[in-house]
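Derivation of every value follows stated rules applied to the coordinates shown; laboratory data play no part. All values derive from a computational prediction rather than experimental measurement. All Cβ positions, glycine included, derive from the backbone under ideal geometry; neighbour counts span all protein chains shown.
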Amino acid sequence: MSVIHVDLTRSDDRRDVVHRAVQMLAEGKLVVLPTETVYGLAASALCPQAVARLQEVKGHARNHPLTLAVGNADAALDYVPHMSYLGRRLARRCWPGPLTLVCDDPGSDSLATQFSHGVQQALMPTGSIGLRVPDHEIVGEILRLSAGPLVLSSASRSGEPAPLGAAAAREGLGDDVDMLLDDGDCHYGQASTVVHLGAEGVRVLREGVIGAQAFKKYCSLMVLMVCTGNTCRSPMAECLMRQRLAAELDCQPEDLESRGAMVLSAGIAALADSPASVEAVNVLASRGIDLSRHASQPVTDRLIRFADLILAMTRGHRDALIAQWPELVDRVHLLAQDGTEISDPIGGPLDLYRRCADQIDGHLEIQVRSLDLAQILPGDLSGD
């Protein structure tokens with residue numbers, strides 16, 4: 001049977017294409033899919049014969065693992081229920097996107113143990129499992145509508161370069177596939193970054209789209225301080241938290257990022273680029289901290305996605321954040337663990353700002369003591 005070639009750039013009904021691809025995968029067919037990185041060859045993880053055929057088409061050695069593509073980070077936890085804190089951080093920040101996470105021993109409660117023996121061997125020949133959430137609208141829809149995840153590899157023979165366009169995939173695989181979805185050249189035109197998550201930490205197995213410096217930032221702890229306008233309370237809390245963390249890690253505040261920690265602040269009703277209040281600048285100057293270059297920023301989706309710990313000044317701030325981003329419920333807390341609210345000193349005298357800074361710093365001391373830095377900091381990042 002000849003390959004069904006669908007040009008997505010000219011398709012009038014992409015939904016129909018998605019349904020056809022889902023059906024073919026369910027029937028055990030092989031489908032070439034565009035992703036943001038390279039073209040991939042996919043089979044349903046629920047069809048052992050299709051996965052075996054994928055291995056044959058690829059010409060892979062049996063001990064060469066294939067990747068499991070899932071729809072989102074939550075679905076990934078079905079297959080690695082005990083994913084490390086760092087793994088969950090990377091999944092939240094990088095997926096959908098060009099990152100493959102290789103996790104040791106998914107555990108007996110992993111849904112991967114319900115795959116056939118052959119599929120388990122294809123995915124986990126050495127016990128580890130590689131997970132990917134491609135950042136492509138069509139692939140995302142196919143995963144959403146499929147009964148299970150997809151087994152995925154580059155759409156090329158073993159030892160050949162991964163194809164960056166549909167023509168190269170077709171030339172390399174010929175009629176050994178059943179369907180090819182052509183969406184032009186891949187966005188990045190480069191393979192995903194592959195990292196291994198093990199007991200010893202994180203190790204870069206293949207540097208791809210996400211370079212070394214960007215990857216370090218993705219791994220870093222990020223604490224976000226939130227108030228209303230981001231000109232008084234949260235900027236003071238940001239600086240004081242940075243000072244507290246630096247003392248805990250025995251480094252200077254300006255060296256925190258190299259130690260895997262970032263502290264930022266934002267406001268739920270903030271304008272962009274407003275300076276800190278004069279009183280806040282003066283109060284922190286008396287503590288040897290320069291707040292004069294602060295520029296306010298509003299809370300954004302990106303900040304929310306990256307933040308590991310969000311400390312709100314009041315219950316109103318916390319409630320507003322959760323109302324807009326319900327997924328924050330486990331990551332946003334009051335700065336004061338005893339439930340005390342940090343009142344806004346705006347418009348008050350310098351002494352009120354001084355008392356506010358003292359109050360914030362006292363609660364930050366408790367917050368830092370309660371953090372398990374060994375668990376939430378990335379540690380040494382290494383590559384092959």
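Only one of these conditions is not met by residue 158: (1) hydroxyl-bearing (Ser, Thr, Tyr); (2) surrounded by fewer than 22 Cβ atoms within 10 Å (Cβ to Cβ); (3) within 30 Å of residue 268 (Cβ to Cβ). Which number is it?
The single condition residue 158 does not satisfy is (3).
Show me the strands (runs of 3 or more DSSP E) entirely contained within segment 129-193 in which 1 or more residues are of a type in the set (A, V, I, L, M) and closer than 15 Å to residue 70 by Cα. Before you say what the answer is, go through the steps one by one.
Details: elements: 129-132, 150-154, 179-182.
Once the strands (runs of 3 or more DSSP E) in segment 129-193 are filtered for at least 1 residues that are of a type in the set (A, V, I, L, M) and closer than 15 Å to residue 70 by Cα, what remains is 129-132, 150-154.
Could you list, in sequence order, all residues of segment 360-376 that are more than 29 Å from residue 202 (Cβ to Cβ) and not β-branched (Val, Ile, Thr)?
At the first step, the residues of segment 360-376 found to be more than 29 Å from residue 202 (Cβ to Cβ) are 360-363, 365-366.
The answer is 361, 362, 363, 365.
Would you check if residue 208 is in contact (Cβ under 8 Å) with a residue 12 or more places away in the chain, part of a loop (DSSP other than H, G, I, E, B) and closer than 18 Å to residue 91 by Cα?
Working: in contact (Cβ under 8 Å) with a residue 12 or more places away in the chain: yes; part of a loop (DSSP other than H, G, I, E, B): yes; closer than 18 Å to residue 91 by Cα: yes.
The answer is yes for residue 208.
So residue 237 passes all but one of these: (1) surrounded by 20 or more Cβ atoms within 10 Å (Cβ to Cβ); (2) over 20 Å from residue 372 (Cα atoms). Which condition number does it fail?
If we test residue 237 against (1) surrounded by 20 or more Cβ atoms within 10 Å (Cβ to Cβ); (2) over 20 Å from residue 372 (Cα atoms), just (2) comes out false.
Looking only at segment 299-331, filter to residues that are acidic (Asp, Glu) and more than 20 Å from residue 228 (Cβ to Cβ); which one of those is surrounded by the fewest Cβ atoms within 10 Å (Cβ to Cβ)? Before the answer, list the steps.
Just the residues of segment 299-331 that are acidic (Asp, Glu), to begin with: 301, 308, 319, 327, 330.
With the extra rule that they be more than 20 Å from residue 228 (Cβ to Cβ), the set shrinks to 308, 327, 330.
On the way: 308: 19, 327: 12, 330: 6.
It comes out as 330.
Select from segment 139-161 the residues that are in contact with a helix residue (DSSP H, G or I) (Cβ under 8 Å, 6 or more places away or on another chain) and among the hydroxyl-bearing types (Ser, Thr, Tyr) and write down the one among them that is nearest to residue 98 (Cα to Cα).
Across segment 139-161, the extreme among qualifying residues is 153.
Restricting to strands (runs of 3 or more DSSP E) lying wholly in segment 1-59: which have 2 or more residues that are in contact (Cβ under 8 Å) with a residue 60 or more places away in the chain and surrounded by 20 or more Cβ atoms within 10 Å (Cβ to Cβ)?
Answer list for segment 1-59: 31-33, 40-44.
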